[in-house]
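What follows is one structure encoded as C-alpha cells, with my remarks underneath.
The values are calculated or read from the model by the stated rules, or taken from the named source; none is laboratory data. As the structure is a computational prediction, the values presented were derived from the model and not from experiment. Glycine also receives a Cβ, built like all others from the backbone with ideal geometry; neighbour counts cover every protein chain displayed. For accessibility, only protein heavy atoms count, side chains too; no ligands or nucleic acids. Shrake-Rupley method; radii C 1.70, N 1.55, O 1.52, S 1.80 Å.
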2 protein chains.
Amino acid sequence: MTRETPARPTIYDVARRAGVSKSLVSLVLRGAPHVSAARRQAVLAAIEDLGYRPSRAASALASQQTRSIGVLIDDFRNPWFVELLAGLRSVLDPAGYTVSVADFQLEAASGRNPVDGFLAQHADALVLAAEPDAALLGEVPVPVVVAGVRELGPATLPEADVVAGDDEHGGTLATRHLVELGHRRIGHITGRGGPAAHRRRGYERTARDAGLEPFVAGQDGGTAEADGYAATVRLLEERPLLTAILAANDVMAVGALAALRERGLSAPSDVAVVGYDNSPLAAYRYLALTSVDPHSRDIGAEAARTLLTRLEQPDAPPRPALLEPTLVIRSSSGA
Amino acid sequence: MTRETPARPTIYDVARRAGVSKSLVSLVLRGAPHVSAARRQAVLAAIEDLGYRPSRAASALASQQTRSIGVLIDDFRNPWFVELLAGLRSVLDPAGYTVSVADFQLEAASGRNPVDGFLAQHADALVLAAEPDAALLGEVPVPVVVAGVRELGPATLPEADVVAGDDEHGGTLATRHLVELGHRRIGHITGRGGPAAHRRRGYERTARDAGLEPFVAGQDGGTAEADGYAATVRLLEERPLLTAILAANDVMAVGALAALRERGLSAPSDVAVVGYDNSPLAAYRYLALTSVDPHSRDIGAEAARTLLTRLEQPDAPPRPALLEPTLVIRSSSGA
DNA sequence: TTGAAAGCGCTAACAC
DNA sequence: GTGTTAGCGCTTTCAA
C-alpha cells in the first residue's frame with residue numbers, strides 16, 4: 001500500500017484484461033493441455049502487456065511446491081563444482097526450477113546445518129555435491145540426489161539417487177597413463193572421504209597389476225591444497241625416489257607441486273604429477289595439470305534429469321549412474 | 001493429501017498446543033516486543049515439540065517480503081568471492097535472511113538475465129559482486145548494493161549503495177612495494193572494467209610519482225587467467241627488460257607466471273609478480289603470490305549491514321563505503 | 001473447455 | 001497483552 005509496491009499485476013488483472021477467469025490464466029501459465037488457442041493467445045497477450053510475473057510465494061503456498069532445488073557444494077574454494085553446477089542448471093532452468101546453492105564449509109563453519117537451511121526454504125529436492133553425511137541427512141523429507149560423489153556402502157542414503165563419475169576407473173586411467181610413460185615408482189596422495197577412497201583403489205589395483213608397489217600418503221587428512229602439500233612432503237620423506245605422483249584432486253596436485261619444488265624437484269622433468277577433476281585450475285597454463293576429467297558438466301546434467309524423474313515418480317527404485325571419466329593430458333605428466 | 005506430505009505442522013497446530021491464538025505465535029516467531037514470558041515459553045515449547053517450521057511461502061505471501069537476498073557473483077571460477085560471501089552471510093544469516101547466489105557468467109552464457117532470476121524469486125534486495133551493468137539493472141524495483149566493486153562515474157546506479165575496497169589505493173600499495181624493492185621497470189597487466197581501471201590508476205600514479213614510466217597491457221581484454229597470460233606476453237614483447245609485473249588480480253598473475261616461464265624467466269628471481277584480491281589462489285604454496293588484500297570478508301559484512309539499513313530506510317541517501325586494502329607479502333615479489 | 005469457490009499458512013490491522 | 005478477522009496471489013477440485 002505504500003509507494004514501495006507499484007502494485008504488481010496479479011493473476012486477476014491478467015484475467016480481467018484477457019476476458020477470462022483466473023483459473024484459465026493459471027492453466028495457460030502451466031502450459032495447460034486443453035485450452036483453446038484463442039483464449040491462450042489472449043492470456044499471453046495480457047501477460048505481456050501487463051508485464052505480469054507470477055508470484056512464487058503464492059504459487060508455492062497453493063501448490064505446496066516451491067519449484068526450487070537446493071544444491072550443496074562441498075567447498076567453494078575447490079572449483080570442480082563450477083561445471084557440475086553448469087550441468088545442473090542446463091536442465092533445471094528449462095524445467096522451471098530455481099537452483100539455490102550453498103557451501104558446506106561455510107555453513108558448517110557457522111555452526112549451521114546446511115540441509116536445514118534448504119529445508120527451511122522448502123526446497124523441493126536437494127542435490128548433494130559433497131560427501132553425504134548420514135548425521136546431517138538424517139531425516140530429509142525431500143528427494144536427494146548425490147552428484148559427483150560415488151558413495152561407499154555404509155554411508156549410503158537408502159533413498160538417494162547417485163550420479164557420479166567412476167572414480168575407481170579414473171584412478172586406473174591416471175595410473176595406467178603413468179605406467180605407460182615408464183614410471184615404476186608412483187606415489188599417491190589422498191585424503192578422507194569416498195571419492196578419494198575410490199580413486200585410491202583404482203590407483204592401488206592398477207599399480208599392483210603392473211607389478212608395482214603402491215605407496216599412499218595423507219589417508220586421514222583433508223583434500224585441500226595444504227593437505228596435498230603435507231601429504232607429498234611425507235610421501236617424499238619415505239619414498240625419495242618417486243618419479244610420479246597421482247593426487248586425489250587438482251588442488252592437492254598443486255600442493256604437491258609446491259612440496260616437490262621445495263625439495264628441488266620439478267614437474268614433469270623430475271617427477272610427473274597427475275591431478276583429478278579437470279577443474280579450471282588444471283587448465284591454468286602455469287600448472288597445466290594432466291588430470292582425470294569426470295565430465296562434471298555431464299554429471300550435473302544427468303543428476304538433474306534423475307532428480308526430475310524422481311520428483312515425478314517418488315517411489316521408483318533408485319538407479320545409480322556412473323559416468324566414464326577420461327584423461328586429459330597436459331604437460332605436468334611429461335607425456 | 002497424498003502420502004507425500006506428512007502433514008507439516010502449521011501455526012494453527014502450534015497455537016492450539018500452546019493454548020494461544022495464531023497471532024500470538026506469529027508475534028513470538030518474529031521476536032515480538034510485548035509478549036508475556038509465560039506465553040512465549042509455551043509457544044516456544046510447542047514449536048519445539050511439534051518440530052514446527054514456518055512456511056516461507058505463506059509468510060512471503062502475507063508480508064510481501066521473502067526475506068531473501070540475491071547475490072550475483074561475477075564468476076565462480078575466480079575465487080575472490082568466497083570471502084565476500086562469507087562476510088555477507090555472517091550478517092545476513094543472523095538477521096534471518098536467506099542468501100541465494102548466482103554466477104553471472106553462467107547465467108549470461110545461457111542467455112538469461114540473472115537479475116531477472118532474482119526478481120522472479122522476489123528477492124528483497126540484491127548484492128552485486130560484479131560490475132554493475134546499466135543495461136541489466138535498468139529497472140530493479142528492489143534495493144541494490146554493489147559489493148567489492150567501486151564503480152566508475154557513468155555506470156553508477158543512481159540508487160545503489162556501494163561498499164568496496166579502495167582499489168586505487170591498493171594499486172598504489174602494490175606499486176610502492178615494488179618500487180621500494182628497487183624495481184624501476186614495472187609493468188602492469190589489466191583488463192576491462194571498473195576495478196581494473198582503479199587499480200591501474202593507482203599503479204600509474206605511483207609509478208609516475210616515483211619517476212617511472214608506466215607500462216600497461218591488456219587494457220581491453222578480460223581479467224581471467226588466459227587474459228593475464230596474453231597480456232604478459234605482449235608486455236614482454238614490448239618491454240623485455242621488465243623486472244616486475246603487477247597484475248589486476250590473482251588469476252591474471254597466475255597467467256603472468258606462465259608467460260614468464262615460457263620466456264625462461266622465473267618469479268621472483270627474474271621478475272617480481274604481485275597479484276590483487278588475496279584470493280585462496282594467492283595463498284597456494286606453489287604460487288605464494290604477494291597480493292593486495294581488499295579484505296573481502298569485511299567488505300561483505302559491511303555490504304550486508306548497508307543493505308539492512310537500506311531495507312529499513314529506503315529513502316536514506318546512499319553512503320558509499322571504501323575500505324582500506326593492505327598488502328600481503330609472499331614470495332612472488334621477492335621481498 | 002472454462003468458471004466458481006475454497007483454501008494454502010501466514011501477517012497485520014484492529015478490537016478487546 | 002492477546003484474540004479476531006481479513007486477506008496475500010495462486011492452485012485445484014468440482015460443476016457447468
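Between A:ALA18, A:ALA244, A:ALA210, the GNM of chain A built on Cα springs shorter than 10 angstrom shows A:ALA18 fluctuating the most.
In terms of its Cα atoms, the stretch A:11-54 spans 24, 18, 15 Å along the principal axes, sorted from long to short.
For the protein assembly as shown, compute Rh as the Kirkwood radius over C-alpha pairs and then the Stokes-Einstein diffusion coefficient at 4 °C and 1.567 mPa s; write the answer in µm²/s, rounded to an integer. Roughly 48 µm²/s, to the nearest whole number. Counting Cβ atoms of other protein chains within 10 Å of each residue's Cβ and taking the mean over peptide A:226-234 gives 1.
With a 1.4 Å probe rolled over the protein heavy atoms of all chains, the accessible area of A:TYR52, A:TYR276 falls in the order A:TYR52, A:TYR276, largest first. Given 20 °C and 1.002 mPa s, how large is the Stokes-Einstein diffusion coefficient of the stretch B:191-242 in µm²/s, with Rh as the Kirkwood radius over Cα pairs? For the chosen part, D equals 185 µm²/s. Just so you know, the Cα atoms of chain B work out to an Rg and Dmax of 24.7, 82 Å.
With a 1.4 Å probe and all protein chains left in place, how much of the accessible area of the stretch B:168-234 comes from carbon and sulfur atoms, in whole percent?
45
In the context of the full set of protein chains, residues of chain B present 43 Å² of accessible surface per residue (probe radius 1.4 Å, heavy atoms only). For chain A, the antiparallel share of DSSP beta bridges with both residues in that region comes to about 10%.
When Rg and the Kirkwood Rh are both derived from Cα coordinates, the Rg/Rh ratio for the stretch B:167-294 amounts to 0.91. Only protein heavy atoms count here, probed at 1.4 Å, and on that basis chains B and A bury about 4300 Å² of accessible area in total. Pairwise Cα distances in the stretch A:9-151 exceed 18 Å for 63 percent of all pairs.
In this structure, the amide hydrogen of A:VAL292, modeled 1.01 Å from its nitrogen in the peptide plane, lies closer than 5 angstrom to those of A:GLY275, A:TYR276, A:ASP277, A:ASN278, A:VAL328, counting only residues at least 5 positions away or on a different chain. Taking A:ASN113, A:ASN278, A:ASN78 as the candidate residues, the one with maximal mean-square fluctuation in a Gaussian network model of chain A, Cα springs under 10 Å, is A:ASN113.
Taking the label point 7 Å along Cα→Cβ, A:SER63 and its counterparts in the other copies are spaced 2.4 nm apart, in ascending order.
Peptide A:60-71 is shielded by partner chain Cβ atoms: per residue, an average of 3 of them sit within 10 Å of its Cβ. For A:ARG8, put the label point 7 Å out on the Cα→Cβ axis and report which residues of the stretch B:103-122 keep their amide N under 20 Å from it. Only B:112-122 fall inside the zone, counting backbone N under 20 Å.
Solvent exposure of B:ILE245, expressed as accessible area, is near 0 Å², computed with a probe of 1.4 Å over the protein chains only.
If you take every DSSP beta bridge fully contained in the protein assembly as shown, what fraction is antiparallel? Give it as a percent rounded to 5.
Working: 6 of 72 bridges.
Antiparallel bridges: around 10 percent, rounded to the nearest 5.
Please list, by residue number, every one of the trypsin sites (Lys or Arg not before Pro) in the stretch B:242-327 that is coil in DSSP and has at most 15 other beta-carbon atoms within 10 Å. Counting only loop positions with at most 15 other Cβ atoms within 10 Å, the trypsin sites (Lys or Arg not before Pro) in the stretch B:242-327 are B:ARG263. Springs between Cα atoms under 10 Å define the GNM used for chain A, and in it the highest mean-square fluctuation of A:GLU238, A:GLU48, A:GLU262 occurs at A:GLU48.
Counting charges near B:ARG305 (Lys, Arg +1; Asp, Glu -1) among other residues having Cβ under 14 Å from its Cβ returns a value of -1.
Taking all protein chains in place and a 1.4 Å probe, what share, in percent, of the accessible surface of the stretch B:11-54 do carbon and sulfur account for? C and S atoms contribute 53 percent here.
Shown for chain A are the DSSP H helices of 15 Å or more along their axis, judged by Cα atoms, with a mean Kyte-Doolittle hydropathy of at least -0.5: A:37-50, A:81-92, A:225-238, A:250-262, A:296-312.
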